[in-house]
Amino acid sequence: MTEQVSKQAALVAAGTKNLAPKMGVGKKVVIVFTSPDTVTWANGDTISSPYKLPKGSRILSDSYINCADMGTSITCDVGLRKASDGTAIDADGIAAAIDVASAAVRAIANNGALVKDGVEYITTEDSYIYATLNGGTPSANAQIKIEVSVMLPS
C-alpha cells in the first residue's frame with residue numbers, strides 16, 4: 001500500500017516549523033450559544049454567538065444543534081457573518097436546513113458548503129457564528145443550543 005502525504009505533512013517536509021491553525025494545528029474551542037428562556041420566535045429569526053472569531057480561524061466538522069420541539073417543518077441554518085458590519089458571509093455555510101421540528105434533536109450540523117465533503121474553511125476576516133430558524137413560526141419558548149467547534153489561530 002502507498003501512504004499518501006497529507007497537506008500538513010508536505011508543509012513540514014518543505015521546512016515549515018510551526019503549523020498554524022490554518023494548516024492543521026491549534027487550540028480547539030467550542031462556541032456555544034443558546035436561546036433565551038422566554039422567546040417569541042418568528043419565521044426567519046436569527047440568534048448569534050457574541051464571540052468574535054478572529055481571521056484565520058478554522059471551522060471544524062463536529063458541530064451540533066440540540067433543541068426542544070421547535071414546531072412542524074422548522075429547520076435551522078448555521079452560518080457566518082462579518083464582524084465589521086453584520087452582513088452574511090454564508091448564512092448556511094456550517095449547517096443547512098437541519099431538521100429541528102422534533103423534540104430532543106441532537107443533530108450533527110456539518111452539512112454546509114463551508115465544511116461538508118472534506119472542505120476546509122478558514123475565516124478570511126473577523127466573524128460571528130449565527131443561526132436562522134426557517135420553515136414557519138417556531139414554537140414559543142422552544143429552547144435551542146448551537147455548538148460549533150473552531151480551531152483558533154495562535
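Overview of results
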read-out: Cα Rg, Dmax, the chain, angstrom units; value: 17.2, 58
read-out: Relative contact order, percent, the chain [alpha-carbon distance under 8 Å, six or more residues apart]; value: 39 percent
read-out: Charge dipole (the chain, unit charges on Cβ, about Cα centre) - positive-most of Ala9, Tyr130, Ala142; value: Ala9
read-out: Where Cα atoms sit under 25 Å apart: lysine pairs in region 17-147 separated by 8 or more or lying on different chains; value: 26
read-out: Length released on extending from Ala9 to Lys55, taking residue separation times 0.36 nm less the Cα-Cα span; value: 14.2 nm
read-out: Value of Rg to Rh for region 79-154 (Rh from inverse mean 1/r over Cα pairs, i.e. Kirkwood); value: 0.98
read-out: Sum of -39500 (n - 2.57) over DSSP H runs of 4+, divided by residues of the chain (222 nm, nearest 500); value: -1000 deg cm²/dmol
read-out: Estimated distance in nm for a label pair at Ser48 and Lys116, the labels positioned 7 Å out from Cα along Cα-to-Cβ; value: 2.5 nm
read-out: Cα centroid of region 74-114 to Cα centroid of region 129-147, whole Å; value: 10 Å
read-out: Förster-model FRET efficiency, 30 Å R0, Asp99 and Lys28, C-beta, rounded to 0.05; value: 0.65
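Just so you know, all these numbers are worked out from the coordinates, no wet-lab data involved. Keep in mind that what you see is a predicted model, and the values were worked out from it rather than measured. Positions of Cβ are generated from backbone atoms using ideal geometry, with glycine treated the same way; all protein chains shown enter the neighbour counts.
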